[in-house]
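S.K.: Starting off with a structure, shown below.
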Amino acid sequence: MGTLGAIMKHPDDLYPLLKLKMAARHAEKQIPPQPHWGFCYSMLHKVSRSFALVIQQLGTELRDAVCIFYLVLRALDTVEDDTSIAADFKVPILMAFHRHIYDPDWHFSCGTKDYKVLMEQFHHVSNAFLELGRNYQEAIEDITMRMGAGMAKFICKEVETVADYDEYCHYVAGLVGLGLSKLFHASGKEDLAPDSLSNSMGLFLQKTNIIRDYLEDINEIPKSRMFWPREIWSKYVDKLEDLKYEENSVKAVQCLNDMVTNALIHVEDCLQYMSALRNPAIFRFCAIPQIMAIGTLALCYNNIEVFRGVVKMRRGLTARVIDRTRTMADVYGAFFDFSCMLKPKIEKHDPNATKTLNRIETIQKLCRESGVLSKRKSYIIRNEPRYNSVTIAILFVLLVIIFTYLSAYRQKNQNM
Ligand code: D61
Ligand code: MG
């Protein structure tokens, strides 16, 4: 369904979508003039639309550090993700990457499209990195070293147990959480959060990605990417790729529900991490991806479409999340809403139904006990008129423009 169709179905997505478009346009105008910073910020917009917008609203000093942190790790991940590079060639690069970021002459060609450009012109990222404050450099180098070593370990090791799964997600996303907490603290804007909570922030996002991207990863050329732990999928099928075949649909959805239920373990830590943040820009930067994740999990739960294509939240809903997320009340509200969206999808014959229900009710209880679940616009339950005043005004203006244009066009044809 195109954007226009989606807007007709969800008219109050229109205004947030327009604001998002303007924010993106505004952000692009903010690209710094110096060549290497210009390259870094334009590349950031290309390789991560979702994070680029939330990074853009951080204060200058912290924004530059987080931008470089992102590009350094995205480059490291491009080496890891390129399944055409042989393991014995890839491992040493992953292990030494934390040293290469200090050497503007170093580059390694791999990856595709914008990721390939990032690798080939990596000297711009190194030059910008060398301009950062020492405490930012140390935090970025430390996390890059630990992530590179962790990625190298799993190049030749399968994700077998749930403990392996948590360990792998720690290396590629938990460590990002630990690094960000260090950068926030180094900027003097936040206390240093406990590693366990920072780690959970990363695991919740990464596990959501791994669940949503099952089909894309299993169909990866030349070699499948497999992150679902054998300890879970082997309860349903003999091979991980069997989940994508029509005849295994019932087992596939049960396995999917098992994976979603596992990811919900981290919600309590994430809510605790976010409720401790003091700086509004840092709060929004951390909260928006988390709300996108719980929304995506609610969408994926009990949904066979995960094995038919990539299930994504519609852009209008993403725009509303970005537009509306300002305080912890908005976070509790969103987690409550999406829990209410997931709950009715739990079928009593599902093998994990009881566990899923317990985790969802724990989340709803946490949100209720926050005492801030007040009368506010819900992300799912419609309790106000379909067309609010702003939307009517915009539609009216649009109609006038279309009418004027059509009458001018008809006028011109009559004069011909
Ligand atoms: C607060 C705010 C943002 C947070 C956070 C806490 C904690 C963790 C994260 C962001 C990271 C979440 C990662 C989820 C998306 N997964 C990936 O990007 C996978 O690659 C992981 C390795 C590279 C991590 C790069 C990264 C991502 C987000 C950042 C960041 C660095 C630095 C600062 C802020 C946000 C996934 O990659 C998919 C792809 O290749 O597109 C994979 O390969 O598994
Ligand atoms: Mg990767």
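The values are calculated or read from the model by the stated rules, or taken from the named source; none is laboratory data. Here the structure is a predicted model, which means the values were calculated and not measured. With ideal geometry, Cβ positions are generated from the backbone for all residues, glycine too; neighbour counts draw on all protein chains shown. In case anyone asks, the SASA skips ligands and DNA or RNA and just uses the protein heavy atoms, side chains included. Shrake-Rupley method; radii C 1.70, N 1.55, O 1.52, S 1.80 Å.
S.K.: What number of residues within the range 171-205 satisfy the criterion of being assigned by TED's automatic domain parsing to the domain that holds residue 239, within 9 Å of ligand 1 (Cβ to nearest atom) and open to solvent by 40 Å² or more (accessible area, probe 1.4 Å)?
M.R.: 1
S.K.: Out of (1) in a helix (DSSP H, G or I); (2) open to solvent by 40 Å² or more (accessible area, probe 1.4 Å); (3) among the acidic types (Asp, Glu), the odd one out for residue 164 is which?
M.R.: (2)
S.K.: In addition: Do we have any residue at all in the range 149-160 that's at pLDDT below 95 and either outside any helix (DSSP H, G or I) or surrounded by fewer than 22 Cβ atoms within 10 Å (Cβ to Cβ) (or both)?
M.R.: Scanning the range 149-160 turns up at least one residue that is at pLDDT below 95 and either outside any helix (DSSP H, G or I) or surrounded by fewer than 22 Cβ atoms within 10 Å (Cβ to Cβ) (or both).
S.K.: Does the range 319-327 contain any residue that is closer than 21 Å to residue 228 by Cα, surrounded by fewer than 16 Cβ atoms within 10 Å (Cβ to Cβ) and not β-branched (Val, Ile, Thr)?
M.R.: The initial filter retains those residues of the range 319-327 that are closer than 21 Å to residue 228 by Cα, namely none.
Looking through the range 319-327, none of the residues is closer than 21 Å to residue 228 by Cα, surrounded by fewer than 16 Cβ atoms within 10 Å (Cβ to Cβ) and not β-branched (Val, Ile, Thr).
S.K.: Tell me whether the range 150-158 contains one or more residues that are in contact (Cβ under 8 Å) with a residue 60 or more places away in the chain, away from ligand 1 (no atom under 14 Å from the Cβ), acidic (Asp, Glu) and in contact with a Lys or Arg (Cβ under 8 Å, 6 or more places away or on another chain).
M.R.: Checking the range 150-158: at least one residue is in contact (Cβ under 8 Å) with a residue 60 or more places away in the chain, away from ligand 1 (no atom under 14 Å from the Cβ), acidic (Asp, Glu) and in contact with a Lys or Arg (Cβ under 8 Å, 6 or more places away or on another chain).
Okay, residues lined up against (1) among the aliphatic types (A, V, I, L, M); (2) open to solvent by 10 Å² or more (accessible area, probe 1.4 Å); (3) part of a helix (DSSP H, G or I); (4) closer than 28 Å to residue 278 by Cβ:
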| position | (1), (2), (3), (4) |
| --- | --- |
| 14 | yes, yes, yes, no |
| 21 | no, yes, yes, no |
| 26 | no, yes, yes, yes |
| 43 | yes, no, yes, no |
| 54 | yes, no, yes, yes |
| 73 | yes, yes, yes, yes |
| 79 | yes, no, yes, no |
| 89 | no, yes, yes, no |
| 92 | no, yes, yes, no |
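S.K.: Just checking, how many residues over the range 94-118 are in contact with a helix residue (DSSP H, G or I) (Cβ under 6 Å, 6 or more places away or on another chain) and touching a residue at least 40 places away in the same chain (Cβ under 8 Å)?
M.R.: So the count comes out to 8.
S.K.: Which of the following residues is modelled with pLDDT of 95 or more, open to solvent by less than 10 Å² (accessible area, probe 1.4 Å) and within 27 Å of residue 59 (Cβ to Cβ): 334, 298?
M.R.: That would be 334, the only listed residue that is modelled with pLDDT of 95 or more, open to solvent by less than 10 Å² (accessible area, probe 1.4 Å) and within 27 Å of residue 59 (Cβ to Cβ).
S.K.: Please tell me if residue 76 is within 16 Å of ligand 2 (Cβ to nearest atom) and within 22 Å of the chain's Cα centre (by Cα). Break it down into steps so the answer makes sense when it comes.
M.R.: Details: within 16 Å of ligand 2 (Cβ to nearest atom): yes; within 22 Å of the chain's Cα centre (by Cα): yes.
Yes.
S.K.: So which residues in the range 142-175 are more than 17 Å from residue 228 (Cβ to Cβ) and among the β-branched types (Val, Ile, Thr)? Steps first, answer last, please.
M.R.: Filtering the range 142-175 for residues more than 17 Å from residue 228 (Cβ to Cβ) gives 142-153, 155-156, 174-175.
Correct list: 143, 144, 155.
S.K.: If you go through the range 282-293 one residue at a time, do you hit one that is more than 12 Å from ligand 1 (Cβ to nearest atom) and of a type in the set (A, V, I, L, M)?
M.R.: For the range 282-293, residues more than 12 Å from ligand 1 (Cβ to nearest atom) and of a type in the set (A, V, I, L, M): absent.
S.K.: Which of the residues belonging to the range 206-219 are touching a residue at least 60 places away in the same chain (Cβ under 8 Å) and open to solvent by less than 60 Å² (accessible area, probe 1.4 Å)?
M.R.: Across the range 206-219, the qualifying residues are 208, 211, 212, 213, 214, 215.
S.K.: Is one or more of the residues making up the range 101-114 more than 26 Å from residue 185 (Cα to Cα), of a type outside the set (A, V, I, L, M), open to solvent by 10 Å² or more (accessible area, probe 1.4 Å) and within 14 Å of ligand 2 (Cβ to nearest atom)?
M.R.: Yes, that holds for at least one residue.
S.K.: Of the residues that sit in the range 315-338 and are among the hydroxyl-bearing types (Ser, Thr, Tyr) and in a helix (DSSP H, G or I), which one is nearest to residue 210 (Cα to Cα)?
M.R.: Checked the range 315-338; the qualifying residue nearest to residue 210 (Cα to Cα) is 318.
S.K.: Another question, then. Exactly one of these conditions fails for residue 312: (1) at pLDDT below 95; (2) out of contact with any Gly (no Cβ under 6 Å at 6 or more places or on another chain); (3) open to solvent by less than 40 Å² (accessible area, probe 1.4 Å); (4) in a loop (DSSP other than H, G, I, E, B). Give me its number.
M.R.: Here residue 312 clears every test but (3).
S.K.: Here is a further query. Given the condition within 16 Å of ligand 2 (Cβ to nearest atom), over 24 Å from residue 52 (Cβ atoms) and open to solvent by less than 20 Å² (accessible area, probe 1.4 Å), answer yes or no: does some residue in the range 259-281 qualify?
M.R.: Looking for residues that are within 16 Å of ligand 2 (Cβ to nearest atom), over 24 Å from residue 52 (Cβ atoms) and open to solvent by less than 20 Å² (accessible area, probe 1.4 Å), one finds none in the range 259-281, hence no.
S.K.: Looking at the range 131-148, which of its residues are open to solvent by less than 50 Å² (accessible area, probe 1.4 Å) and part of a loop (DSSP other than H, G, I, E, B)?
M.R.: 132, 133
S.K.: Being under 18 Å from residue 350 (Cα atoms), of a type in the set (S, T, N, Q) and open to solvent by 20 Å² or more (accessible area, probe 1.4 Å) is the requirement here; does residue 254 meet it?
M.R.: Answer is yes for this residue.
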